[in-house]
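*Asks:* To start, I am sharing the structure in question, which I have written as structure tokens.
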Amino acid sequence: MLGFYSCPRPRISWLMTILLAMSVIGLLPKPFIMPTASAAESSHTFPLQQFLDLEIEGISLSAPPEKIQAQLEDAGYHQIADGIFIKEAPIPGGRKSTYRLEVEETVELRSITYVRGEIGGRNKSPVEKNRPIPANEVAWVKTLYELVCSRVPDKVRSERACQPLLDWQARFGEGEVLRISDQAGARLDASGASTTLALIYFKK
């Protein structure tokens, strides 16, 4: 893990309850990595630097580690554990959007995982059909989708299980982490209600 984080804030128990709820309803990422037969053969054409520079909430896999904490705090996140940040924002119907961002670095990999979900609210609140992906996520989601699905042959697109890119949905790899080159892995399952996005850099 990155070692530049400060002590957790007093709201840990409440925020950990949110994390537990997100885990129970399946919003937290799964460690499984779906292989793809085209990963190795497409590595030489994959734009790795563009992938490393893709920013999620202002941070990227190429960002200096010492600047990550300050950037996330500027974006409204609070640290709750080593490498884990969270924030929330009210949405209509008495509900709240919860955001969890985890930054990990080991000798083998570097990763950023972003998860957005919803909690609380009235039980009878109507569900908005085909609600668009939030504007603040659109750029990240579209860029990642295009890197993985839009610049490859039809055969590779099929192997990666790329679903059509819509205003209210973007998904590939059946929602699991997908190995897309020798040094890159990604996960994307985005909708108006929730988003899980992960970027992984496998070190040589």
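The values are calculated or read from the model by the stated rules, or taken from the named source; none is laboratory data. If you're wondering where the values come from, they're calculated on a predicted model, not measured in any experiment. Neighbour counts run over all protein chains shown; Cβ positions are idealised from the backbone, glycine included. Heads up: the accessible areas ignore ligands, DNA and RNA and are worked out on the full protein's heavy atoms, side chains in. Shrake-Rupley method; radii C 1.70, N 1.55, O 1.52, S 1.80 Å.
*Asks:* Report the residue count in region 151-204 for those that are open to solvent by less than 60 Å² (accessible area, probe 1.4 Å), closer than 14 Å to Glu137 by Cα, among the aliphatic types (A, V, I, L, M) and outside any loop (DSSP other than H, G, I, E, B).
*Replies:* So the answer is 5.
*Asks:* Please verify whether Val141 is farther than 28 Å from Gln69 by Cβ and among the β-branched types (Val, Ile, Thr), treating the condition exactly as stated.
*Replies:* no
*Asks:* What number of residues in region 145-175 are under 30 Å from Pro92 (Cα atoms) and not aromatic (Phe, Trp, Tyr)? Before you say what the answer is, go through the steps one by one.
*Replies:* Initially, region 145-175 is screened for residues under 30 Å from Pro92 (Cα atoms), giving 145, 163-172, 174-175.
With not aromatic (Phe, Trp, Tyr) added as a condition, the list becomes 163-167, 169-171, 174-175.
So the count comes out to 10.
*Asks:* Keeping to region 148-204, report how many residues are within 27 Å of Glu108 (Cβ to Cβ), at pLDDT below 95 and of a type in the set (Ser, Thr, Tyr).
*Replies:* 1
*Asks:* Now a separate question. Need pairs with beta-carbon distance below 7 Å; first residue under 24 Å from Ser194 (Cα atoms) and within region 64-90, second open to solvent by 50 Å² or more (accessible area, probe 1.4 Å) and at pLDDT 95 or above; sequence gap 6+ or separate chains.
*Replies:* Going by the 7 Å Cβ cut-off, the qualifying pairs are Gly83/Glu104; Phe85/His78; Ile86/His78; Lys87/His78.
*Asks:* Aromatic (Phe, Trp, Tyr), at pLDDT 95 or above and either over 18 Å from Ser191 (Cα atoms) or in a strand (DSSP E or B) (or both) - does that describe any residue in region 101-118?
*Replies:* yes
Results for (1) open to solvent by 80 Å² or more (accessible area, probe 1.4 Å); (2) modelled with pLDDT of 55 or more; (3) part of a loop (DSSP other than H, G, I, E, B); (4) in contact with a Leu (Cβ under 8 Å, 6 or more places away or on another chain), shown as yes or no for each residue.
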residue: Cys7; (1), (2), (3), (4): yes, no, yes, no
residue: Thr17; (1), (2), (3), (4): yes, no, no, no
residue: Ser23; (1), (2), (3), (4): no, no, no, no
residue: Leu28; (1), (2), (3), (4): no, no, yes, yes
residue: Ala37; (1), (2), (3), (4): yes, no, yes, no
residue: Ala40; (1), (2), (3), (4): no, no, no, no
residue: Ile68; (1), (2), (3), (4): no, yes, no, yes
residue: Glu88; (1), (2), (3), (4): no, yes, no, no
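*Asks:* Please state which of the following conditions Glu88 fails to meet, knowing it meets all the rest: (1) over 14 Å from the mean Cα position of the chain (by Cα); (2) closer than 25 Å to Phe46 by Cα; (3) of a type outside the set (Phe, Trp, Tyr).
*Replies:* (2)
*Asks:* Another question, if that's okay. Do you know which of the residues in region 121-134 that are at pLDDT 65 or above and open to solvent by less than 50 Å² (accessible area, probe 1.4 Å) is farthest from Tyr99 (Cα to Cα)?
*Replies:* Restricting to residues being at pLDDT 65 or above and open to solvent by less than 50 Å² (accessible area, probe 1.4 Å), the top hit is Gly121.
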